[in-house]
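Here is the structure we will look at.
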Amino acid sequence: MSTFLQQLVNGVTWGSVYALIALGYTMVYGILRLINFAHGDIYMLGAFIGLYASRWFNAAKDPSPVKALLVLLTSMLLSALIGMIIERLAYKPVRKSPRLSALITAIGVSLLLENGGALVFGEDQKFFPQLIPQKTIALMAGVSISNQQLIVLVVSIVLMFGLRMFVLHTRTGKAMQAVSHSHMAASLMGISVDRIITFTFMIGSSLAAAAGVLVALQSPKIEPYMGIMPGLKAFVAAVLGGIGNIPGAVVGGLVMGIAEVMVTGYLSPTYRDAIAFVLLIVILLVRPAGIFGKAVTEKV
Amino acid sequence: MSQLSVENLDVYYGAVHALKGVSVHAEAGEIVTLIGANGAGKTTLLRTISGLVPAKSGRVMFEGRDITRVPAHEIVALGLSQSPEGRMVFANLSVEDNLEMGAYIRKDKAGIREDRDAMYQLFPRLLERRKQLSGTLSGGEQQMLAIARALMSRPRVVLLDEPSLGIAPLLVRDIFKNIVEINRRGVTVLLVEQNAHMALSIARRGYVLETGKVVLEDEAAKLAANDEVRKAYLGG
């Protein structure tokens, strides 16, 4: 029993990282019907920006929670800017083109970020400094959580809760929902659809960057291709929850994280990566709209 | 000078010449109606006025200003709004949030609340359903919401695209009564309708559109009495 609970703790922590990345996929899809395949690479950039930021703040030699927070915020902010630039330069020009063009553009941006990353950062692994030394906190007999896991969990929950409040209760958040429903109707309200789209990319990118920094806190080896697998899996998580659906992305991410950890623990680590795609196949067969996705019936 | 005037407008949808040199105008305080069959170009005209569809040539003047190339979201702020064809309410938002989106360009919270309450008075059904997701409303209720939403920006001119489309006849009468009331409160109305009978009964002037051209233009009462109009649009 305690093994199971321990796996659950690990799974939820890991899943919250997927959830953060999946949110970006689902929000951009909701607003543009675009699968932003470069999104996983923003997660990678987030980790690298975090690495450089910890050098600027001299956080490796003199770590402190405040500095860790600064590193996180710097990475989120700069990644948001990068998300904005990518949207403006790569996606906006093809917005009126067929959807396939945008998809291919996204794949192009992804390759550019990965190989550009290899060029700028180097292909070899870099070590993310230990900003918060690891401590283990016992929860009950045989079940523990590390302080790093706890941070991942808390930061993820705060970000997701903040996002939810923002989307449901602010003017801009409601405008995002309006744009995701209809660009035309939204612009008839005086909403600048372009601005809302850019903003959505910025939020999604900053969440992915947060995920990158959070992961680097506990598993400090980072490299330019580190975003590919988590990106794919978070995409599957978004589909699992119902792409375009914000709570769905969170649930999908958690399911994914828990499934991975359980498979690793009870079957074999070999199947760890496979489970994501098994889940994808199952959901597409059984419930293609995802757990929360439903065909919205509109009366006419 | 007319409050809203469309001058020699040409609009293409790809290769289709959707509007061919269309000119219409609306004076302050009028209800003007555009009638015509499906595909005559009525919706295209309203979309072009609102900046959703680009004009090939010609221009749209609003209160002395050329708005032909002004982007859609900026036109609302100038005082011209639209309730689009098919209503296009934000199905994923509540009735109240839809109204809030209608007032997106405004910052005066007290004024917005006041106008929202005025809309609930005009359309009491919306008040009953204010917390409901608008996608769950009936067609007639969605239409009321679409009109109310368009008014939340405090427009001086409002474009209404087929408010009677797919709505129970009893509700249509209600909605038209409210259009008259809205106009009485000082909003100029440009009304596109297939229900020519209802439209001509409340409008002061009307235009008949056929395959992208204005073929007739007159006072509404005269159009309603016109033999051709009666035959083509009023069922004899």
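Values as computed for the structure displayed
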{"read-out": "Matching residues in region B:138-196 - criterion: being within 14 Å of chain A (Cβ to nearest Cβ), part of a helix (DSSP H, G or I) and under 27 Å from B:G111 (Cα atoms)", "value": "B:G140, B:E141, B:Q142, B:Q143, B:M144, B:L145, B:A146, B:I147, B:A148, B:R149, B:A150, B:L151"}
{"read-out": "Residues (among the aliphatic types (A, V, I, L, M) and at pLDDT 95 or above) located in region A:246-257", "value": "A:A249, A:V250, A:V251, A:L254, A:V255, A:M256"}
{"read-out": "Subset of region B:28-56 (residues that are away from chain A (no Cβ under 14 Å) and part of a helix (DSSP H, G or I))", "value": "B:K42, B:L45"}
{"read-out": "B:R59 vs. criteria farther than 17 Å from B:V158 by Cα, in a strand (DSSP E or B) and without any contact (Cβ under 8 Å) to a residue 60 or more places away in the chain", "value": "yes"}
{"read-out": "Residue match in region B:77-95 (condition: part of a helix (DSSP H, G or I), crowded, with 22+ Cβ neighbours inside 10 Å and in contact with a helix residue (DSSP H, G or I) (Cβ under 9 Å, 6 or more places away or on another chain))", "value": "yes"}
{"read-out": "Top-ranked residue of region B:7-27 - restricted to ones that are part of a strand (DSSP E or B) and closer than 26 Å to B:N178 by Cβ, ranked as farthest from the other protein chains (Cβ to nearest Cβ)", "value": "B:H25"}
{"read-out": "From A:G30, A:G40, residue being within 17 Å of the chain's Cα centre (by Cα) and at pLDDT 95 or above", "value": "A:G40"}
{"read-out": "Any hit, region A:111-122, residues being within 14 Å of chain B (Cβ to nearest Cβ) and touching a Gly at 6+ places or on another chain (Cβ under 8 Å)", "value": "no"}
{"read-out": "Residues that are farther than 14 Å from A:L69 by Cα, surrounded by 15 or more Cβ atoms within 10 Å (Cβ to Cβ) and out of contact with any Gly (no Cβ under 9 Å at 6 or more places or on another chain), drawn from region A:151-163", "value": "A:L153, A:M160"}
{"read-out": "1 or more residues under 21 Å from the mean Cα position of the chain (by Cα) and either over 22 Å from A:L78 (Cα atoms) or at pLDDT below 95 (or both): qualifying helices (runs of 4 or more DSSP H) within region A:132-245", "value": "A:147-169, A:171-181, A:193-218, A:228-241"}
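One line per residue, one yes/no per condition, for (1) over 19 Å from the mean Cα position of the chain (by Cα); (2) small (G, A, S); (3) closer than 21 Å to A:G24 by Cβ:
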{"position": "A:L254", "(1), (2), (3)": "no, no, yes"}
{"position": "A:E260", "(1), (2), (3)": "no, no, yes"}
{"position": "A:T270", "(1), (2), (3)": "yes, no, no"}
{"position": "A:I275", "(1), (2), (3)": "no, no, no"}
{"position": "A:I281", "(1), (2), (3)": "yes, no, no"}
{"position": "A:R287", "(1), (2), (3)": "yes, no, no"}
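Let's see how each residue does on (1) farther than 20 Å from A:V152 by Cβ; (2) without any contact (Cβ under 8 Å) to a residue 40 or more places away in the chain; (3) in contact with a Phe, Trp or Tyr (Cβ under 9 Å, 6 or more places away or on another chain); (4) not β-branched (V, I, T):
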site: A:Y18; (1), (2), (3), (4): no, no, no, yes
site: A:Y25; (1), (2), (3), (4): no, no, yes, yes
site: A:F37; (1), (2), (3), (4): yes, no, yes, yes
site: A:Y43; (1), (2), (3), (4): no, no, no, yes
site: A:L73; (1), (2), (3), (4): no, yes, no, yes
site: A:M76; (1), (2), (3), (4): no, no, no, yes
site: A:L81; (1), (2), (3), (4): yes, no, no, yes
site: A:E87; (1), (2), (3), (4): yes, no, yes, yes
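Listed here are the residues, each with its yes/no results for (1) within 11 Å of chain B (Cβ to nearest Cβ); (2) in contact (Cβ under 8 Å) with a residue 24 or more places away in the chain; (3) closer than 27 Å to A:V17 by Cα; (4) not aromatic (F, W, Y).
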{"position": "A:V143", "(1), (2), (3), (4)": "no, yes, yes, yes"}
{"position": "A:N147", "(1), (2), (3), (4)": "no, no, yes, yes"}
{"position": "A:L153", "(1), (2), (3), (4)": "no, yes, yes, yes"}
{"position": "A:F161", "(1), (2), (3), (4)": "no, no, yes, no"}
{"position": "A:L168", "(1), (2), (3), (4)": "yes, no, yes, yes"}
{"position": "A:R171", "(1), (2), (3), (4)": "yes, no, no, yes"}
{"position": "A:A178", "(1), (2), (3), (4)": "yes, no, no, yes"}
{"position": "A:H183", "(1), (2), (3), (4)": "yes, no, no, yes"}
{"position": "A:A186", "(1), (2), (3), (4)": "yes, no, no, yes"}
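One line per residue, one yes/no per condition, for (1) among the charged types (D, E, K, R); (2) surrounded by 20 or more Cβ atoms within 10 Å (Cβ to Cβ); (3) under 16 Å from the mean Cα position of the chain (by Cα):
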| position | (1), (2), (3) |
| --- | --- |
| B:S23 | no, no, no |
| B:A26 | no, yes, yes |
| B:L34 | no, yes, yes |
| B:T44 | no, yes, yes |
| B:I49 | no, yes, yes |
| B:K56 | yes, no, no |
| B:V60 | no, yes, yes |
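The values are calculated or read from the model by the stated rules, or taken from the named source; none is laboratory data. Note that this is a predicted model, so its numbers are computed, not measured. All Cβ positions, even for glycine, are placed from backbone atoms using ideal geometry, and neighbour counts span all protein chains on display.
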